[in-house]
Structure formats: C-alpha cells, structure tokens
C-alpha cells in the first residue's frame with residue numbers, strides 16, 4: 001500500500017494555517033534576513049495558506065489585479081495595504097528594537 005504523500009509546500013501551507021505564531025516567525029525571519037522582494041514573495045507564498053491572492057484581496061477590500069502586482073517582486077505596497085494583507089492573515093505589524101528576541 002502506497003503511503004499518502006503531500007508536497008513540502010502543502011505541508012508548510014497547512015502549518016501556517018494552523019499556527020499563526022509560525023507564520024509570524026517566518027515573516028519576522030524574512031524581514032530580518034531579506035529585502036523587500038523577499039518580503040513580497042513570502043507574503044505571496046503565505047497567501048496560499050489564507051485562500052490565495054484573490055481571497056486576500058477580497059478580505060482586504062482591494063482589487064485582485066492590484067493585489068497580484070502588490071505581491072510581485074516589483075511590488076511596493078503602501079503601509080495601509082501591507083497592514084490590510086497582514087490583517088487578513090491574522091497578523092499585524094510591530095516594531096522591535098534591534099538585537100532583541102521579543
């Protein structure tokens with residue numbers, strides 16, 4: 001009997017759905033080690049865990065085409081849009097002093 005398998009991506013998406021703390025840690029790591037392009041790609045990847053870009057756009061009351069562009073490598077969301085995207089994922093922006101773990 002063959003073992004059921006799922007892709008790494010599917011398993012990761014399920015973990016983000018079930019553990020908002022993990023999703024927040026993932027984005028914090030991207031912010032700490034990456035750049036704006038990395039953040040947009042991480043948000044687009046994470047959007048799959050929250051219904052996809054179109055669902056994020058719907059919940060954020062945004063145009064889906066605009067949301068696809070926002071979450072592209074060339075995306076440059078406004079603070080308002082970034083907050084709306086994170087809010088649909090059950091996350092929020094926070095400021096942290098450099099060098100702390102909290």
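Read-outs: derived from the displayed coordinates by stated rules, not from any lab. All values reported here derive from a predicted model rather than from experimental measurement. Every residue, glycine as well, gets a Cβ built from its backbone with ideal geometry; the counts of neighbours run over all protein chains shown.
Calculated from DSSP H runs of 4 or more alone, at -39500 (n - 2.57) each and per residue, what is the 222 nm mean residue ellipticity of the chain, nearest 500?
On the way: 6 runs with 61 residues, N = 102.
Roughly -17500 deg cm²/dmol at 222 nm, from the helical runs in the chain.
What ranking of 25, 55 emerges when the number of other C-beta atoms within 10 Å of each C-beta is taken as an exposure proxy, fewest first? Don't skip to the end; give the middle numbers.
Details: 25 11, 55 15.
Going from least to most buried by this count: 25, 55.
Rounded to the nearest angstrom and ordered from largest down, what semi-axes does the equivalent ellipsoid of the chain get from its C-alpha gyration tensor (root of 5λ)? Can you show the working numbers first?
Values: eigenvalues 105, 74, 31 Å².
Ellipsoid half-lengths, sorted descending, are 23, 19, 13 Å.
Is region 40-94 best put as rounded, prolate or oblate by its Cα gyration tensor, with a ≥ b ≥ c the root eigenvalues, rounded for a/c under 1.5, and otherwise prolate when a/b is larger than b/c, oblate when not?
rounded
Fewest Cβ neighbours within 10 Å first, please rank 80, 59 accordingly. If you can, show how the numbers build up before the last one.
Numbers: 80 10, 59 15.
Fewest to most other Cβ atoms nearby, the residues stand as 80, 59.
Starting from the Cα of residue 66, step 7 Å toward the Cβ, then list every residue of region 26-52 with an amide N under 19 Å from that point.
From region 26-52, the list is 40, 44, 52.
Arrange the following residues from fewest to most other Cβ atoms within 10 Å of their Cβ: 30, 37.
Arranged by neighbour count, lowest to highest, 30, 37 become 37, 30.
What's the extension gain from residue 94 to residue 29 if we count 0.36 nm per residue and subtract their Cα-Cα distance?
Values: separation 65, 0.36 × 65 = 23.40 nm, distance 1.35 nm.
Length difference between fully extended and current span is 22.1 nm.
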